[in-house]
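Comments concern the structure below.
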Protein chains: 2
Amino acid sequence: MKTTREKILKAARETFIKKGYKGATTRKIAQEAGVSEVTLFRKFKSKSNLLREILNENAILSSQIFNKLTKSELRDKPEEFLYRLAEEFFKLVVKKKIDLIFIILVEKELEEHGLEEWKLLDSINKTLYTNLTNYFKERIKKGNIRKISPETAALIFVSYLSHLNLLSHFKECEIQEEKYIKNFINILLRGIK
Amino acid sequence: MKTTREKILKAARETFIKKGYKGATTRKIAQEAGVSEVTLFRKFKSKSNLLREILNENAILSSQIFNKLTKSELRDKPEEFLYRLAEEFFKLVVKKKIDLIFIILVEKELEEHGLEEWKLLDSINKTLYTNLTNYFKERIKKGNIRKISPETAALIFVSYLSHLNLLSHFKECEIQEEKYIKNFINILLRGIK
DNA sequence: AGGGAATGTAGGTACTTACTTACATTATGT
DNA sequence: ACATAATGTAAGTAAGTACCTACATTCCCT
């Protein structure tokens, strides 16, 4: 049985992604969670606070995935490592409704309210990007992969996953995760030429 | 000298990207354009209409780029073709403030208003994606590139460009277009391995 | 069974926003 | 120079939104 808190968090995640920060009204979120609006405000002082809690949780989950894989012996096999990383991220993102790009947009809407939370808000993307960049640097040094720009490679990875995730929110285009990820890793490793 | 119409369109593009659809108030747009709010409503009946005009224009511009390049002799040299395509798109997108991803998000916010305009709204991404997919298919047939999934390759291209564009809206990260695009094409063509 | 915590209901406040109306002002072309 | 079109100003409307208060109801623990 889910607690009220969890129900609200889940509904908020889904609604924020579907409607954007401003578009997701507290009434709608509460309704989606099956609780009254008052309860929402009792549990999470304000709407922006509700968002903050979600983002915090997301950042933690995102780090965990990377750390887990980094510690495994997969680390030394770039192709499998990247495949598993993409897979795990995709799963997390779809299951938990963590929308990587969405976060940036929330940011924009909050900008003028003087929030200094840039760093926090962008943390998922940034975390993955930073971790991956370091990973590529290390692999280049060890001669596992050729001498490409590690930043660019990391950016390709992050952007592809974000985009795939975005697409998954549309009913029309059913995404066959496995195929899309496998093909991607294939091209990322060997190029199209 | 810019016409009032053009001033409003420009301001609207910039504000929509900065604040999102809901976040961009008509007051703010008018202010940014240096005209009164009433003028905005006189020229473009409604806010959603203003958006529609922008998206229409974007879609046309996006097609033009692809068509121009396709007709040139570059078509037969994938690496240069893709480089130029990326470059031109990036220029257009930054100069004209055409945010590829933004468009999808607008869509979400409008969803419940019963807009049936899905297809229109997503047209820039879709246009580029479709055109590129066909391009890759053709190149594979002609033996210019190896046998990869053309859809996946197109998606990598579109998502990378979108993401790069998104990043360019943040003051912090100055994007050196040339380097980012060159490195990208390098990896896309030859892989990281 | 009873008492305290969690939740719901109803109503309301203060604010914002898309959009309108009525009227005044400026610019433009002939 | 004058009619016409384009723009501005002021004021307002109707709807929506985040969030609050007061009180009633339900649930859970002992």
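The values are calculated or read from the model by the stated rules, or taken from the named source; none is laboratory data. On a predicted model such as this, the values are computed, not experimentally measured, just so you know. A quick note on method: Cβ atoms are made from the backbone with ideal geometry, for glycine too, and the neighbour counts reach across all protein chains shown.
Just checking, does the stretch B:50-68 include any residue being closer than 19 Å to residue B:4 by Cα and small (Gly, Ala, Ser)?
No, that holds for no residue.
Taking residue B:21 and the conditions (1) of a type outside the set (Gly, Ala, Ser); (2) more than 17 Å from the chain's Cα centre (by Cα); (3) within 24 Å of residue A:16 (Cα to Cα), which numbered condition does it fall short on, given that it satisfies the others?
With respect to (1) of a type outside the set (Gly, Ala, Ser); (2) more than 17 Å from the chain's Cα centre (by Cα); (3) within 24 Å of residue A:16 (Cα to Cα), residue B:21 is out only on (2).
Can you name the residue in the stretch A:27-78 that is among the hydroxyl-bearing types (Ser, Thr, Tyr) and over 21 Å from the mean Cα position of the chain (by Cα) and is also nearest to residue A:136 (Cα to Cα) among such residues?
A:72
So, in the stretch A:9-28, how many residues would count as being within 8 Å of DNA strand D (Cβ to nearest atom), within 14 Å of chain B (Cβ to nearest Cβ) and among the β-branched types (Val, Ile, Thr)?
1
Out of the stretch A:46-74, which residues are among the β-branched types (Val, Ile, Thr) and under 16 Å from residue A:128 (Cβ atoms)?
A:60, A:65, A:70 - these are the residues of the stretch A:46-74 that are among the β-branched types (Val, Ile, Thr) and under 16 Å from residue A:128 (Cβ atoms).
Starting from residues that are surrounded by 14 or more Cβ atoms within 10 Å (Cβ to Cβ), among the charged types (D, E, K, R) and within 16 Å of DNA strand C (Cβ to nearest atom), keep the ones in the stretch A:36-64 and report whichever is nearest to residue A:88 (Cα to Cα).
In this case the residue turns out to be A:53.
Looking at residue A:6 and the list (1) within 16 Å of DNA strand D (Cβ to nearest atom); (2) of a type in the set (Asp, Glu); (3) surrounded by 15 or more Cβ atoms within 10 Å (Cβ to Cβ), which single condition is not satisfied?
(3)
What are the pairs with Cβ atoms under 6 angstrom where one residue, in the stretch A:11-35, is more than 15 Å from DNA strand C (Cβ to nearest atom) and the other, located anywhere, is not in a helix (DSSP H, G or I)? Sequence gap at least six, or different chains.
Filtered contacts from the stretch A:11-35: A:13/A:97; A:14/A:97; A:15/A:24; A:16/A:24; A:17/A:97; A:17/A:99.
Mind listing whichever residues of the stretch A:133-156 are facing chain B (nearest Cβ under 10 Å) and closer than 30 Å to residue A:20 by Cβ?
Listed by number, the residues that qualify are A:151, A:152, A:155, A:156.
Output the residues belonging to the stretch A:1-31 that are of a type outside the set (A, V, I, L, M, F, W, C) and closer than 16 Å to residue A:96 by Cβ.
A:2, A:5, A:6, A:7, A:10, A:13, A:14, A:15, A:18 - these are the residues of the stretch A:1-31 that are of a type outside the set (A, V, I, L, M, F, W, C) and closer than 16 Å to residue A:96 by Cβ.
Identify the residue in the stretch A:84-101 that is aliphatic (A, V, I, L, M) and surrounded by fewer than 19 Cβ atoms within 10 Å (Cβ to Cβ) and, among all such residues, is modelled with the lowest pLDDT.
For the stretch A:84-101, the residue satisfying everything is A:94.
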